[in-house]
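So the structure is just underneath, and the comments pick up after that.
The values are calculated or read from the model by the stated rules, or taken from the named source; none is laboratory data. These figures come from a predicted structure and were not determined experimentally. Counting neighbours? That spans all protein chains shown, and the Cβs are built from the backbone with ideal geometry, glycine included.
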Amino acid sequence: MAKTLPKTDVVIVGVGWAGGIIAAELTKGGLNVVGLERGRERKTEDYYMVHDELRYGSRYDLMQDLSKETITFRSTEKIRALPMRQYGSFLLGEGLGGSGVHWNGQTFRFLPYDFEIRSKTIERYGKNKIPAEMSIQDWGITYDQLEPYYDKFEKTAGISGEPNPLGGKRSADYPTPPMLKTPAINKFIEAANKLSLHPYMMPSANLSQTYTNPDGVSRAACQYCGYCERFGCEYGAKADPVVTVIPVANKTGKFEIRTHSNVRRILHKGGKATGVLYTDVTTGEEIEQPADIVVVTSYVFNNVRLLLQSGIGKPYNPATGTGVIGKNYAYQVIKGNAAGFFDEEQFNNFAGAGSLGVNLDDYNGDNFDHSDLKFIHGGTISLSQTGQRPIANNPVPPETPSWGADFKKNSLNYANRVLAVGGQGSSMSFKHHFLDLDPTFKDAFGDPLIRITFDFEEQDRELAVFLANKSAEIVKQMGAKSISQLKELGPYEITTYQSTHNTGGVILGASPDTSAVNSYCQMWDMDNVFVVGASAFPHNSGYNPTGTVGALAYRTAEGIMTYRSKGGLLV
């Protein structure tokens, strides 16, 4: 028999960026909030003097224990899905702060085109441009409606950057100036300008200077140590929930965090959520936390899984196209890359920061003509200097043998003489890409694992080669002696890292027939449940998702305060 605790105003499932933002905003508004986090507490002090690539980069100390819970994967419905037993394509963060602790900090705004992708594509190219199996849809919200929330998130995180010349209109500049330009970045900018492209410094959650945000939280500047992704920041210079929004919620005295609390069901009766059921993983005790409002802010897979296990919303059926929970799973096309090898110059690639880089969006969104191309959308092209660490990186020219004296010689010679330019391609949703519960494999509690059905399509293959060719043009202009680039994109495989940019499954939209949540991330089917995260994206753009997740979280917090006073659907 589960123990029942006193009722609270709001219970939040997962305390990362989205959960932390909503906790801060609701507690400032006077609500009592309980945050349930299945991992352990994390603090800045945990990362003092621990630039340990083996522990964090290779053995994934900040990630979910896959022996207790993982995902299963298959490329088509015709084959059996199998569990992911070790990390590869993406990394599932665990602990207070979630993936917001181990991210790089690259903080983009999606393009105006993204939010109205279906209508804008048809308007310019006609309906036939969209393949019959592609299930893209407008988001039910526009860039202009979301822009104030982008601005708020950037001010909270102290984003360092400069305006994107091809991006949407901004109400204000970034709160801090761009990061330093390295010789490699300057080389990219010079080459891009010669090609009449539009480079701009990458928007960075690694602070370029000391900064105090509107909530009064002060943080130090980035030291360019090169240990961002897969690592926590010992300086607090990389914005994460633990050093920004969670302290604000704690300061109100109205926020209680319970770590080691694995939420397994949303409880509901008569069309309303009544709270959640969770297990204290340190004792095995089952506990009910009643609440007036339930906010689900865990990672994409767990957002979908929790709804399916709780029987909330109609599961997506790919055969009929009906249902919404699990619909429109998307990822990212990260393969459109080109590497340039230089003989005379060295670039000190060991130094850097997670968001130290330069981008251009000439080939992103609908910023270029797609009339004669076999794909829609595009991707950002960038050069990043994130810190090249010795275990994970060993770049050699393509003609180099895979072992022996020449391999050793080239490994040493090119360690700081290679620059990679790459495309981060968008990922369109398709009817046969979805998430559901696996009928065979279960977690440590006996609950079904989430199952991914996904593969690259012609859209992705064409886009990847296009971006690789454009990247190679830039690398050639930069003066590389030799260039290695993608020639052909094969099937998606889950064993090698690509990006932790999984999206979809609880998507935004203007109608309950085609979406799970409205523009406030409020569930159509249960109005006191809000589901926030990249799970809300109907497709994935050519950018990192966190900036858009943060913006949606601020908008959702505003909506919850309205719901608290008025009730009912907000849209």
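Overview of results
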| item | result |
| --- | --- |
| Residue list for segment 295-351, restricted to those being surrounded by fewer than 24 Cβ atoms within 10 Å (Cβ to Cβ), more than 30 Å from E69 (Cα to Cα) and of a type in the set (A, V, I, L, M) | A339, A351 |
| Check on A132, among the aliphatic types (A, V, I, L, M) and without any contact (Cβ under 8 Å) to a residue 24 or more places away in the chain | yes |
| Count of segment 337-384 residues which are among the charged types (D, E, K, R) and either touching a residue at least 24 places away in the same chain (Cβ under 8 Å) or within 22 Å of M179 (Cβ to Cβ) (or both) | 6 |
| Pairs where the first residue, in segment 171-182, is among the aromatic types (F, W, Y) and the second is crowded, with 20+ Cβ neighbours inside 10 Å, C-beta under 8 Å, 6+ apart | Y174/E154; Y174/I159; Y174/S160; Y174/G161; Y174/P203 |
| Condition met for I474 (under 30 Å from R118 (Cα atoms), in contact with a strand residue (DSSP E or B) (Cβ under 8 Å, 6 or more places away or on another chain), of a type in the set (A, V, I, L, M) and buried (at least 19 other Cβ atoms within 10 Å of the Cβ)) | no |
| Test set (1) in contact (Cβ under 8 Å) with a residue 12 or more places away in the chain; (2) out of contact with any Gly (no Cβ under 8 Å at 6 or more places or on another chain); (3) within 30 Å of K476 (Cβ to Cβ) - N186 fails condition number | (1) |
| Hits in segment 460-469 (condition: crowded, with 23+ Cβ neighbours inside 10 Å and of a type outside the set (D, E)) | L463, A464, L467, A468 |
| Number of positions in segment 36-68 that are part of a loop (DSSP other than H, G, I, E, B) and of a type outside the set (S, T, Y) | 18 |
| Test: residue in segment 520-531 that is under 22 Å from S427 (Cα atoms) and either surrounded by 24 or more Cβ atoms within 10 Å (Cβ to Cβ) or more than 20 Å from the chain's Cα centre (by Cα) (or both) | yes |
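Rundown of residues vs (1) modelled with pLDDT of 95 or more; (2) of a type in the set (K, R), yes/no style:
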residue: E234; (1), (2): no, no
residue: V243; (1), (2): yes, no
residue: K251; (1), (2): yes, yes
residue: H268; (1), (2): yes, no
residue: V276; (1), (2): yes, no
residue: D280; (1), (2): yes, no
